[in-house]
1. Among (1) assigned to a loop (DSSP other than H, G, I, E, B); (2) at pLDDT 85 or above; (3) out of contact with any Asp or Glu (no Cβ under 8 Å at 6 or more places or on another chain), which single condition is VAL148 missing?
2. Which count do you get for residues in segment 174-204 that are within 15 Å of the chain's Cα centre (by Cα) and assigned to a strand (DSSP E or B)?
3. Any residue that is modelled with pLDDT of 90 or more and assigned to a loop (DSSP other than H, G, I, E, B) - is there at least one of those in segment 118-132?
4. Somewhere in segment 147-161, is a residue within 25 Å of ALA215 (Cα to Cα) and open to solvent by 20 Å² or more (accessible area, probe 1.4 Å)?
5. Do you know which residues across segment 225-244 are under 15 Å from GLU195 (Cα atoms) and surrounded by fewer than 24 Cβ atoms within 10 Å (Cβ to Cβ)?
6. Among the residues of segment 29-52 satisfying the criterion of being part of a strand (DSSP E or B) and of a type in the set (S, T, N, Q), which is most open to solvent (accessible area, probe 1.4 Å)?
7. May I ask you to list the residues in segment 108-117 that are open to solvent by 60 Å² or more (accessible area, probe 1.4 Å) and either at pLDDT 95 or above or assigned to a loop (DSSP other than H, G, I, E, B) (or both)?
8. Of the numbered conditions (1) modelled with pLDDT of 90 or more; (2) closer than 19 Å to GLU136 by Cα; (3) within 25 Å of the chain's Cα centre (by Cα); (4) open to solvent by less than 50 Å² (accessible area, probe 1.4 Å), ALA105 satisfies every one except a single condition; which is it?
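The values are calculated or read from the model by the stated rules, or taken from the named source; none is laboratory data. The shown structure was predicted, so the numbers you read here are calculated from the model rather than taken from an experiment. Using ideal geometry, Cβ is built from the backbone for each residue, glycine included, and neighbour counts are taken over all protein chains shown. Accessible surface is based on the protein model in full, side chains and every heavy atom, while ligands, DNA and RNA are left aside. Shrake-Rupley method; radii C 1.70, N 1.55, O 1.52, S 1.80 Å.
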Amino acid sequence: MRLLAGLVLLSSALAVVPESIVDIGTAGNFAILAAGPTAYVTATASSVTGSIGAGAAITFTGTHTGTSYPYGGTLATVNGAPDSELNIAIADFRTAYNAVKTRTATGAVTASSLMGCPEPQTVPPCPIVYTPGTYEWLGVANAYSDIVLVGGPDDVFVFKIKGFFTIAALKEVRLVAADASVGPPVESNVVWHAENYVTMGAGAVIRGTILSGAAISFGARAKVYGRALCEGFVVVPAGVVDEVYNLKEIAARTPSPPPPSPRPPPPLPPAPPPSPPPSPAPPPPSPAPPPPRPPPRPPP
């Protein structure tokens, strides 16, 4: 543990061995996924960007950009067979969940329930800063302060929690660039894995993919910039789930290509040969000779 600019910096061993990305497969096509056969999604006055999937039922009011599975409250079927896209996504979610569950921690392993700073936030300095790695809590984890993840767009952060995971009201997971020239971590490389319920206080903000073995409950106006995937139910009252946030952020960070160089002007046509000098004008004609004088008359 080191102090950096007034923050507590928790470093992992990943300076030597880079952390591998968590592959969630086709579950990544869903902003919200409730995988169990009786699982449901209830979202009221909410905004969801991305598809919603549930094993049993979906109740939604608000703004939704994406597709809902099932259609109308029962598992969608195609020609009498369960909807393949939803079922494949559920299988991929469970594969990813179990892979993270058995993943070896490369960062701190703690029996404390504290993630971040204690409440009230006095010692250590807050917020807590995490570098790339896999961190593990052997019981519940409670975040009473902001959580800051420092790294780059290729860095991976995994948080494994054996019990409940709670982030307090108005607290936020923030992604900060270690090198401003390459940008901050991206949400698709951040995973919050909890074997029990995940609870977000009112106005809390999580960035990354939530993988819960139970259920996910949002407080009013809580936001997930990433994905909310679980085995049980998902309840979103007046909240936000945005699965395409990564793409928008990457686009915002990617400099626009330089404009194409202007084409050189076409070469000028060759100059015409010089015109020959005009011929000198002929001299004016000589005046006609005067008529001869008549002879003088003889005297009378």
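1. (1)
2. Number satisfying all stated conditions: 6.
3. The answer is yes; a qualifying residue exists.
4. no
5. Of everything in segment 225-244, those that are under 15 Å from GLU195 (Cα atoms) and surrounded by fewer than 24 Cβ atoms within 10 Å (Cβ to Cβ) turn out to be GLU231, GLY232, PHE233.
6. THR44
7. ALA111
8. Single failed check for ALA105: (3).
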